[in-house]
Amino acid sequence: MLYLKLRQDYLLKGVVLGAVLLFCGLPVFRLAVEISTDISLGMQSSFIDTLSRNATWTAAIHSLITASCSTLLAIILGGAWSYAIALTDIRGKSLLVFCLMLPMMIPPQVTALSWVQLFGPSSVLLNTFNLAPPLGSPQPLYSESGIILLLGIQQAPLVFLSLRAYLRNLPREIVEAARCSGANPGHVWRHHILPLSTPGLIAGGGIAFVSSLGNFGIPAILGIPFSYYSLPTLIYQRLTDFGSNVLGSVATLAFLIGCIAAMAVTTQHLLLKNRDFRLNGISGQPLSFQLGCWRLPVEILLWTILVLILVLPLTALLASSLVPAFGVQLSPATISFSAYREVLFHQDATARAFTNSLSLATSCALLLLLITVPLAYFSQHRKQLWCKKLLVLVDLPFALPGVVLSIACILLFARPIPILQLSLYGTLGIILFAYLARFMAVSLKPVSASFAQLDPAMEEAAASCGASFSRRMREILLPMVSPAAGASVILVFLHACNELTVSALLWSAKHETLGILIFNLDDGGESVLAAAVSVLIICLIMLLMFLLDRKASDLPKGVIPWRD
Amino acid sequence: MARLTLTNLSKRYGKHIALDSINLEAAPGEFIALLGPSGCGKTTTLRLIAGFEQPSAGEIHYGDRCLATAEETIPPEQRNMAVVFQSYALWPHLSVAENVGYPLRTRYIKGKHYREKVQEALATVEMTEFSQRSPADLSGGQRQRVALARCLVMTPSVVLLDEPLANLDRHLRATMEKYFSRFHKKTKATMLYVTHDQGEAMALADRIAVMGNGRMEQTASPEQLYREPANTSVAKFIGEGVCLQAEEIRQGMAWISGSAFTFRQGRDCSTESLQFCIRPENVTLGDGHVHAEIARCQFRGERYFLDMVLEDGQGLCAYSNLRHTPGERVRCSIDDGWRIPTATTFDQQSMKASYM
């Protein structure tokens with residue numbers, strides 16, 4: 001706790017505080033003001049009007065059904081995966097984990113698109129093997145259960161990560177004591193590990209539910225074709241329709257989503273309340289049950305699941321991107337890269353989307369470092385209380401469903417900023433603002449972890465050597481947290497490239513992002529081009545993940561989700 | 001070179017009082033050890049002097065310059081005090097030579113002069129051949145020597161050492177003590193050395209300041225501290241031996257269970273005090289008038305160390321050249337004792353426990 005009365009120090013504190021309040025506090029505050037002034041209008045308010053419409057409640061029920069069922073699916077899938085990987089001696093764990101992470105890293109609309117390409121009468125992959133259903137038969141994924149299935153797969157990694165963190169802390173002694181008392185492995189799992197790991201399952205389920213609730217890509221691609229609206233897609237539809245008093249109406253819908261999410265989080269806290277198992281044993285050695293003759297079957301089962309949920313859809317996507325035109329069968333004779341040529345070199349919109357998305361992601365990742373590095377420094381290294389309280393605010397825009405944040409940003413910038421007379425609405429600026437708010441928590445995490453494990457004596461030694469605050473920052477602290485800062489840039493970049501929900505509501509002509517491009521291409525029937533863009537994005541994401549993986553040894557534990 | 005003075009220095013963390021109005025004066029070039037059990041406030045004292053924390057009350061002066069009060073402090077980078085940390089605090093992204101040269105860079109010293117000073121400092125700690133290595137490739141003792149060289153290079157006026165040997169094994173400690181002595185001779189800086197190991201403190205320091213519960217118990221030379229402890233807690237903390245409660249003082253002798261022994265006392269000694277510090281080397285087994293029973297016998301290499309119980313239940317310890325069995329009855333004489341000037345109410349048991 002270095003005591004300093006330096007102006008540089010205070011200046012930095014002011015900048016950090018201001019930035020957090022501006023990006024994370026202001027939009028939510030604006031939404032709250034909108035709702036409360038609207039409600040005060042009484043019966044004439046668009047709040048009452050929106051809530052009295054049938055469409056609102058149908059969408060709310062659809063949202064609840066898809067979110068709950070997909071959460072259940074995610075818990076089953078992610079839970080099984082987590083128990084198998086964290087507790088047993090199966091081989092190739094790191095590859096399995098890396099592959100399971102992909103559904104989380106791949107943009108949801110790409111996932112949806114690849115599944116659509118896999119099934120249905122016009123599937124290029126199925127047609128190649130003459131397995132496709134006859135023309136005119138319905139696409140099985142355009143259904144409620146299709147949405148639930150894909151949302152479940154998308155959220156499974158969240159449950160997996162949350163549960164694995166819990167299982168990792170299970171002291172080996174608990175299992176060993178049970179074994180000594182005469183319990184077989186199955187018994188130990190049912191009576192000890194399962195009950196002890198419920199907090200991990202509940203926490204993971206909570207995150208998966210909120211994430212499903214705010215998901216836009218999957219219900220948009222699978223639901224809109226058969227007029228099945230969830231709350232996020234209903235908001236999208238309202239905004240594109242541009243009816244009267246649309247802002248008040250979407251604010252109400254966003255408020256509704258926020259309420260459901262808040263109720264879910266409260267329920268989660270209530271459930272966790274009585275399950276505070278303080279596990280403080282020495283957990284140096286990970287648990288590992290010998291599967292014996294069951295090892296190979298379990299491994300085969302896990303890889304089969306992976307092939308079904310990941311490899312097949314992605315192959316279908318790749319196949320669709322390689323045909324010259326929609327409906328053509330894929331064969332060595334027809335294989336063509338024309339779609340890639342088209343999206344990379346000929347189409348203005350795609351080139352623009354690539355430029356927009358990459359420049360947004362880069363500038364967002366770099367700008368966030370300017371805020372999160374000092375923030376992490378004050379909260380973790382100097383352990384200042386005001387700063388720790390500020391962290392709650394930083395988490396808010398990331399925890400809220402993306403649509404809620406987008407609506408808040410629209411409300412904030414619908415009119416030009418007073419005094420400056422600067423209008424962000426309809427520019428890339430509004431998307432950047434929303435990204436800065438949403439991904440601040442993502443950017444903060446690695447830097448925070450790095451500062452937390454940094455010996456305070458490192459800075460004190462530099463101070464006693466005569467280095468001023470800015471010098472210590474530049475020459476000692478920044479170089480030491482630079483690996484984590486690098487990881488933070490890549491993680492934000494990944495999230496920003498993936499992102500659809502926020503930009504779907506904030507984009508405008510000539511300011512489209514990759515996420516919205518895929519959505520628009522698919523919507524306009526250009527599914528071959530959409531597939532090609534998707535394949536390019538997946539390549540980019542896997543490249544970034546490999547880059548991050550390479551740096552793993554320089555980073556604090558827990559920064560890279562798929563590494564131990 | 002000037003005098004470092006702490007005046008009524010206090011530090012509170014919320015309700016917890018870490019330092020309770022301590023006073024200390026270090027002469028220029030003096031080597032002072034701050035000794036005490038963990039949590040006694042010695043590291044807090046050091047951090048206040050370094051400028052890492054601000055005092056709640058009191059003042060720190062270096063010569064005429066006021067370094068810190070409760071209202072204002074000079075930041076650590078402007079104090080020219082070198083700190084040697086328990087964790088070494090070497091920067092992993094800089095090489096050994098860059099670590100050592102850092103204080104010169106903050107003082108804008110470059111070129112030939114820079115290289116010469118770094119080389120000289122590295123030579124003093126015999127680390128010249130490691131100058132291009134990374135700190136991660138060094139052993140604990142080598143890292144601490146690099147940290148010493150980093151202090152050496154900045155020609156500090158005061159050097160603060162925070163348990164610098166705590167992370168090293170016993171063998172290395174003796175070698176490192178040699179480097180500290182050499183360092184002290186070379187810099188002629190005032191050194192403040194925080195430790196909980198009295199062996200280290202005795203070996204290195206000109207004076208030792210014993211601390212307990214945020215207070216200064218006694219400040220004295222190692223010899224005086226051993227022979228003339230100011231209170232029972234210091235008597236128990238420093239060296240071996242016991243505090244014996246005598247029955248009365250008659251004819252200039254202290255009486256216990258019908259036998260008498262001679263003693264020394266200070267000028268300020270309270271006439272009420274009947275507490276005596278008896279060291280084992282002042283107890284002779286054989287034909288004395290004091291009757292005791294052996295409770296424990298420990299082999300110490302050169303001799304045996306005996307724990308004994310007197311007839312009135314008080315303990316006494318002694319050295320012996322022969323092994324004794326527990327339960328054996330012996331006679332002994334007490335040749336010398338130190339009359340403790342004040343009997344404190346300080347919880348002796350906890351002091352001893354935390355020290356052991």
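Overview of results
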item	result
Heavy-atom surface of the protein assembly as shown, accessible at 1.4 Å and reported per residue (Å²)	43
10 Å-binned pair-distance histogram of the stretch A:369-466 (Cα, whole percent)	14, 35, 27, 15, 8, 0
Gain on full stretching of the segment that runs from B:Asp64 to B:Arg12 - 0.36 nm per residue minus C-alpha separation	16.1 nm
Helix-derived mean residue ellipticity, 222 nm - over the protein assembly as shown, DSSP H n ≥ 4, -39500 (n - 2.57), to 500	-16500 deg cm²/dmol
Computed accessible area, A:Tyr142, all protein chains, 1.4 angstrom probe, square angstrom	80
Size descriptor, Kirkwood hydrodynamic radius, that averages inverse alpha-carbon separations across the stretch A:477-564, Å	14.8
Calculated log₁₀ intensity ratio I(q)/I(0) where the Debye formula runs over C-alpha points of the stretch B:141-291, q = 0.09, 0.16 Å⁻¹	-0.42, -0.93
Extent along principal axes [Cα atoms of the stretch B:76-149; Å; largest to smallest]	30, 28, 23
Inverse of mean 1/r across different Cα pairs in the stretch B:1-157, Kirkwood, Å	17.1
Cubic angstrom per residue, convex hull over Cα atoms of the stretch B:45-85	71
Per-bin percent of Cα-Cα distances, the stretch A:1-160 [5 Å]	1, 7, 9, 9, 10, 11, 12, 11, 9, 8, 6, 3, 1, 1, 1, 0
Summed buried accessible surface, chains A and B, 1.4 Å probe, nearest 100 Å²	2200
Label point distance in nm, A:Leu64-A:Val328, each placed 7 Å from Cα along Cα→Cβ	4.9
Cβ-defined net charge surrounding A:Ile518, 11 Å radius [Lys, Arg +1; Asp, Glu -1]	-4
Residues of the stretch B:246-266 with amide N under 20 Å of the 7 Å Cα→Cβ point at B:Glu281	B:262-266
Approximate spin-label separation B:Asp137-B:Met253, in nm, with each point projected 7 Å along Cα-to-Cβ	7.1
R0 of 60 Å, Cβ-Cβ distance B:Ser21-A:Asn184: FRET efficiency to nearest 0.05	0.40
Beta bridges per DSSP with both ends in the protein assembly as shown, % antiparallel, nearest 5	75
Hull-based mean projected area of chain B, where the convex hull spans the alpha carbons, in square nanometres	21.0
Where trypsin sites (Lys or Arg not before Pro) fall in DSSP loop in the stretch A:397-501, at most 15 other Cβ within 10 Å	none
Contour minus Cα-Cα distance for A:Ser52 and A:Thr37 (0.36 nm per residue)	3.6 nm
Efficiency of FRET between A:Asp89 and A:Cys539 - r from beta-carbon atoms, R0 25 angstrom, step 0.05	0.15
Under the Debye formula (equal points on every Cα, no solvent term), log10 I(q)/I(0) of the protein assembly as shown at q = 0.05 Å⁻¹	-0.45
Charge dipole (the protein assembly as shown, unit charges on Cβ, about Cα centre) - positive-most of B:Leu161, A:Ala361, B:Asn213	A:Ala361
Mean shadow area of the stretch A:45-307 over all directions, Cα convex hull, nm²	17.5
Inter-probe distance in nm under a simple model that places probes 7 Å from Cα toward Cβ, at A:Tyr340 and B:Arg264	9.2
Difference of contour (0.36 nm per residue) and Cα-Cα distance, A:Gln453 to A:Ser363	29.6 nm
Environment charge at A:Gly217 (Cβ cut-off 14 Å; Lys +1, Arg +1, Asp -1, Glu -1)	-3
For the stretch B:32-123, Kirkwood radius (reciprocal of mean inverse C-alpha pair distance, Å)	15.6
Of the DSSP H helices in chain A, those whose Cα atoms cover at least 27 Å axially and whose Kyte score averages 1.0 or more	A:54-87, A:144-168, A:194-214, A:246-273, A:348-376, A:478-498, A:527-550
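The values are calculated or read from the model by the stated rules, or taken from the named source; none is laboratory data. Please read all numbers here as calculations on a predicted model, not as lab measurements. As a convention, Cβ positions derive from the backbone with ideal geometry for all residues, glycine included, and neighbour counts pool all protein chains shown. These area figures cover heavy atoms from the full protein model, side chains too; ligands, DNA and RNA do not enter into them. Shrake-Rupley method; radii C 1.70, N 1.55, O 1.52, S 1.80 Å.
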